[in-house]
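Have a look at the structure below before the remarks.
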Amino acid sequence: MATVAHRWGDDPRVEIWQDGEPAADPSCVMLWVQRSQRARANPAANLAVELAKELDLPVIAVFAMTPGFPSATLRAWHFMAEGLATLPDDFAARRIGWQLEIGDPVERIPAAARKLGAAAVITDVNPLRIGREWRRDVADALEVPLVAVDGDVVVPSSLFPKEEYAARTIRPKIYRVLDEYLHQIPDPLPPVESSHREGPDPLVALDSFDLDCSVSPAPDRQGGSGIARHRMRTFVAERLATYHEDRSRADIEAGTGLSPYLHFGQIAPMEVALAVQDADVSAEAKDSMFNELIVQRELSINNALRNPDYDRYDGLPDWAKKTLAKHASDPRPVEYSYEEFDEARTEDDLWNAAMTQMIHEGFMPNRLRMYWGKQILRWTESPQDAWEITVRLNDRYFIDGRDANSYANIAWCIGGRHDRPFGPDRDIFGIVRPMGMGAM
């Protein structure tokens with residue numbers, strides 16, 4: 001029987017983490033759900049079904065809830081758990097079984113594969129450091145092949161093997177192949193139905209976790225694929241037509257509101273892109289949305305994959321670190337502590353309002369996020385402190401924090417990532433692009 005590398009090694013969406021032939025005398029194909037937390041439009045699930053058809057086996061989806069995930073608060077956990085709670089039924093509609101594990105995936109996923117008698121383990125691609133470390137360590141512990149499928153982008157990330165420096169460098173590469181990859185994702189069924197269902201209710205399981213409960217669930221942001229698709233349809237019907245005109249406004253919610261759902265993989269970017277493509281709106285509106293959903297988002301994913309320090313100050317462009325170092329001793333108009341930022345206690349009413357929205361809703365319009373981050377650089381003792389404070393607040397309050405997109409946004413704010421030197425040379429910022437009240 002052919003190895004997994006022989007079967008899928010040439011597919012740009014596929015990462016082979018552990019090669020080999022499927023196990024002899026298996027009982028199922030195991031789908032390790034991690035980043036793509038959905039049953040529909042899930043390329044990893046589809047590859048598992050493809051292998052299951054060849055082997056005449058059922059598919060069982062397994063997710064490991066990991067207590068102690070870095071920086072995650074009750075808000076993020078609750079949103080994710082709301083989505084996970086829908087997955088047993090969602091996967092059952094595809095004749096796929098479900099198992100929820102509690103614990104470190106490096107331990108629980110190999111153990112589940114052995115217990116279930118998996119022929120192979122199929123998972124999704126995660127560009128973040130912790131996700132890639134998990135896949136490496138799980139592969140080392142498995143006795144069967146491990147294959148990951150890049151299902152949370154429109155264009156496969158492997159087509160961009162080097163670090164891209166700006167939207168202008170990746171955009172033509174994306175559009176050159178976009179028609180090849182922008183297509184409906186089917187939901188094929190495995191040949192054998194699985195009635196397997198094991199594990200606790202994820203919302204109940206949270207009660208046993210040692211979580212930071214000081215950041216409560218956002219009242220208007222409920223998790224789940226069904227809600228994500230409803231939000232998508234509402235955006236397309238009500239706001240897409242004027243998106244190119246309104247997207248930079250801070251006084252209205254012009255965006256999709258889908259970033260938390262994309263972060264947790266509760267909706268596929270392909271689904272959103274196709275809904276935009278099929279909408280009866282102007283080319284300008286579609287192009288503007290594609291720029292955010294595909295170009296900017298996949299540029300951020302490229303940054304996480306190709307820049308080992310994507311979430312650290314050291315990962316900023318050399319020119320930015322040099323100019324910020326030159327101006328590190330410049331007097332600041334005012335300096336605030338982390339606690340003052342965290343409590344929205346600055347002298348800037350707009351910044352305080354944005355921070356208050358972030359604290360209570362886990363959300364902030366994109367234009368305000370830019371202003372919010374730039375002011376932290378102005379009001380801290382050093383650019384390194386600004387970086388640490390911004391990342392800490394981002395990961396603590398935003399539902400879509402701890403994400404390639406949010407880290408790239410912070411890097412743009414603090415250190416000109418995916419931007420260019422912006423003269424003239426100024427106090428504090430040097431040649432990093434500033435942003436004041438006038439830009440709002």
(request) State whether the residues of segment 403-412 include one that is in a loop (DSSP other than H, G, I, E, B), at positive phi, not assigned by TED's automatic domain parsing to the domain that holds Thr73 and not aromatic (Phe, Trp, Tyr). (result) no
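Does Ala205 satisfy being out of contact with any Pro (no Cβ under 6 Å at 6 or more places or on another chain), part of a helix (DSSP H, G or I), under 29 Å from Val276 (Cβ atoms) and at pLDDT 95 or above?
Working: out of contact with any Pro (no Cβ under 6 Å at 6 or more places or on another chain): yes; part of a helix (DSSP H, G or I): yes; under 29 Å from Val276 (Cβ atoms): no; at pLDDT 95 or above: yes.
Judged against the criteria, Ala205 is not a match.
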(message) Filter segment 17-40 down to the residues that are in contact (Cβ under 8 Å) with a residue 24 or more places away in the chain, in a loop (DSSP other than H, G, I, E, B) and hydrophobic (A, V, I, L, M, F, W, C) and list them by number.
(response) Ala23, Val33, Ala39
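Can you name the residue in segment 136-195 that is aromatic (Phe, Trp, Tyr) and in contact (Cβ under 8 Å) with a residue 12 or more places away in the chain and, of all such residues, is nearest to Met270 (Cα to Cα)?
Applying the first criterion (aromatic (Phe, Trp, Tyr)) to segment 136-195 yields 160, 165, 175, 181.
Restricting the remaining residues to those that are in contact (Cβ under 8 Å) with a residue 12 or more places away in the chain gives 160, 165, 181.
Numbers: Phe160: 18, Tyr165: 24, Tyr181: 9 Å.
Filtering segment 136-195 for residues that are aromatic (Phe, Trp, Tyr) and in contact (Cβ under 8 Å) with a residue 12 or more places away in the chain, the one nearest to Met270 (Cα to Cα) comes out as Tyr181.
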(message) List the residue pairs whose Cβ atoms are under 8 Å apart, where the first residue sits in segment 362-378 and is in contact (Cβ under 8 Å) with a residue 24 or more places away in the chain and more than 13 Å from Trp412 (Cβ to Cβ), the second is among the basic types (Lys, Arg) and part of a helix (DSSP H, G or I), and the two are 6 or more positions apart or on different chains.
(response) Gly362/Arg75
(message) Please go through segment 352-390 and give me each residue that is hydroxyl-bearing (Ser, Thr, Tyr) and assigned to a helix (DSSP H, G or I), ordered by number.
(response) Thr356, Tyr371, Thr390
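Taking helices (runs of 4 or more DSSP H) that do not extend beyond segment 212-299, which have at least 3 residues that are without any contact (Cβ under 8 Å) to a residue 60 or more places away in the chain and not assigned by TED's automatic domain parsing to the domain that holds Arg369? First the steps, then the outcome.
Values: elements: 225-238, 243-246, 259-263, 269-278, 283-290.
By residue number, 225-238, 243-246, 269-278, 283-290.
If you go through segment 88-96 one residue at a time, do you hit one that is more than 23 Å from the chain's Cα centre (by Cα), buried (at least 22 other Cβ atoms within 10 Å of the Cβ) and under 21 Å from Pro202 (Cα atoms)? Give the derivation first.
Here is the first cut: in segment 88-96, the ones more than 23 Å from the chain's Cα centre (by Cα) are 89, 92-96.
Still in the running and buried (at least 22 other Cβ atoms within 10 Å of the Cβ): 96.
With under 21 Å from Pro202 (Cα atoms) added as a condition, the list becomes 96.
Taking every residue of segment 88-96 in turn, at least one turns out to be more than 23 Å from the chain's Cα centre (by Cα), buried (at least 22 other Cβ atoms within 10 Å of the Cβ) and under 21 Å from Pro202 (Cα atoms).
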(request) Would you mind finding the one in Leu146, Leu128 that is closer than 19 Å to Ala5 by Cβ, of a type outside the set (Gly, Ala, Ser) and not assigned by TED's automatic domain parsing to the domain that holds Asn409? (result) Leu146
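The values are calculated or read from the model by the stated rules, or taken from the named source; none is laboratory data. Computed from a prediction, not measured in an experiment: that's the story for all the values here. A quick note on method: Cβ atoms are made from the backbone with ideal geometry, for glycine too, and the neighbour counts reach across all protein chains shown.
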